[in-house]
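Here the structure is laid out as structure tokens; the discussion comes afterwards.
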Amino acid sequence: MASIEFLNVTQSFGGNVIIKDLNLKIEDGKFTVLVGPSGCGKTTLLRMIAGLDPQVSGSVLIDGTDVTRIAPGQRGVAMVFQNYAIYPTMSVRENIEFGLKNNKVAKEERTRLVESISSTVGLYEYLDRKPSTLSGGQRQRVALARAMVKKPSVFLMDEPLSNLDAKLRVQMRIELIEMHKKLGSTFVYVTHDQVEAMSMADTIVLMNRGSIQQEAPPEIIYRQPNNLFAAQFIGVPPMNVGELGADGAKFGFRPESAVLTTEPGDKHFSDKGTIITREMLGSETIYQVRSENHSYMIKCTEDLFSVDQQVYVGVDADKLYFFGADENRIAV
Ligand code: ATP
């Protein structure tokens, strides 16, 4: 196991500064998810940990040791990419065994390790199959097993599930959480999908334009976002946000925090509007409500309203968020 630290790290490509003076500590043995919009620098951080693109300045520490001058293969780090690289002509067993053979691990130990890891990822029965006879999810598991078998203390994953269909992604998310529990190693996982981040992370590192917006467990980011960006990036549908007068301050509330009524209620916040769209999702319904100045997405557990109906949007005082002109949340 190993912690990872970035100390005043700057990275640039062709004169473009991508990351500037970044400081971050990724805890030992935790499942940390780097999340943020495309191009915010997530992969850049991962590649610096792996040693694939050394930083321009600052230090990267693994387990307290500055690894700047340590070659990628010597860092105790394994990386799995979106386009999992497995050899099509080799069996599952040969694919998983490949790195061990290269490291001159003895045959008996290789067999033991391959069988143990293939059980962990649910591939034991498939060891003699060729990748072409496996499903996308099983192939991704081969790539994971190949990385795991070398017992890395740090496991880096860059959008490893993005080529899988929606159902398989959900299943693999659960499997990755279980693998993390079994292995106990430090997982650093990159995604732009906030649902993946929320469902798997012990800690979310939320990034935007090369800087860290917030670093916290999922429920803290959700309930106490540092700023408007965090409030709107985490949560589906995103937080409703509206203007508060001319001074640039804003208010916000989560879609599930409002109640809809046909008569004005006694809530701290109330706005009259019309239902524009209704999306029935089974256990909940999402209504879009347009008032004179705002448009809201409201999530209800009951499906009581129809399009064109006039409603009141009511929110309790303790469910409201406020943001200053600098977009930081104002604690109330
Ligand atoms: P995505 O979710 O789209 O993969 P990301 O957050 O992982 O995005 P990075 O791949 O880290 O983003 O890229 C951050 C920025 O750095 C982008 O603007 C990208 O164009 C730039 N960049 C990354 N690698 C290089 C490189 N080798 N040469 C030039 N620019 C690069």
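Of the residues in the range 220-236, not one is within 25 Å of Gln194 (Cα to Cα) and more than 26 Å from the chain's Cα centre (by Cα).
Take the conditions (1) at pLDDT below 95; (2) surrounded by fewer than 14 Cβ atoms within 10 Å (Cβ to Cβ); Ser57 misses just one of them, which is (1).
The set of residues in the range 169-182 that are crowded, with 17+ Cβ neighbours inside 10 Å and over 16 Å from the mean Cα position of the chain (by Cα) contains only Met179. Is it true that Arg75 is touching a residue at least 60 places away in the same chain (Cβ under 8 Å) and of a type in the set (Lys, Arg)? Here the answer is yes, as Arg75 does meet what is asked. Report yes if Leu168 is free of Cβ contacts under 8 Å to residues at least 40 places away in the same chain and in contact with a Gly (Cβ under 6 Å, 6 or more places away or on another chain), otherwise no. Judged against the criteria, Leu168 is a match.
Residues in the range 43-78 that are of a type outside the set (D, E, K, R) and either within 16 Å of the chain's Cα centre (by Cα) or near the ligand (Cβ under 9 Å from one of its atoms) (or both): Thr43, Thr44, Leu45, Leu46. Could you grab me the full set of residues in the range 119-153 that are of a type in the set (S, T, N, Q) and surrounded by 22 or more Cβ atoms within 10 Å (Cβ to Cβ)? Passing the criteria: only Gln140. When Ser162 is tested against (1) modelled with pLDDT under 90; (2) away from the ligand (no atom under 16 Å from the Cβ); (3) of a type in the set (Gly, Ala, Ser), just one condition goes unmet, and that condition is (2). Considering the range 8-42, the residues that are surrounded by fewer than 18 Cβ atoms within 10 Å (Cβ to Cβ) and among the hydroxyl-bearing types (Ser, Thr, Tyr) include one that is farthest from the ligand (Cβ to nearest atom), namely Thr10. The strands (runs of 3 or more DSSP E) found entirely in the range 190-287 that carry 3 or more residues being under 20 Å from Ile177 (Cα atoms) are 203-208. Take Gly58 and decide whether it is outside the structural domain of Gly136 (by TED's automatic domain parsing) and of a type outside the set (Ser, Thr, Tyr). Yes: the conditions hold for Gly58. With respect to the numbered conditions (1) more than 10 Å from the ligand (Cβ to nearest atom); (2) in the same structural domain as Glu178 (by TED's automatic domain parsing); (3) within 19 Å of the chain's Cα centre (by Cα), which one is the sole condition not fulfilled by Phe81? Among (1) more than 10 Å from the ligand (Cβ to nearest atom); (2) in the same structural domain as Glu178 (by TED's automatic domain parsing); (3) within 19 Å of the chain's Cα centre (by Cα), Phe81 violates only (2). Can you pull out every residue in the range 290-332 that is within 19 Å of Val259 (Cβ to Cβ) and basic (Lys, Arg)? Listed by number, the residues that qualify are Arg290, Lys299, Lys319. Against the list (1) in a loop (DSSP other than H, G, I, E, B); (2) assigned by TED's automatic domain parsing to the domain that holds Val17, the condition Arg129 fails is (2). Flag: Gly99 matches the condition of being more than 25 Å from the chain's Cα centre (by Cα) and either assigned to a helix (DSSP H, G or I) or not acidic (Asp, Glu) (or both).
The values are calculated or read from the model by the stated rules, or taken from the named source; none is laboratory data. Because the structure is predicted, anything quoted here is derived from the model rather than measured. When we count neighbours, we look across all protein chains shown, and the Cβ atoms used for this are built from the backbone with ideal geometry, even at glycine.
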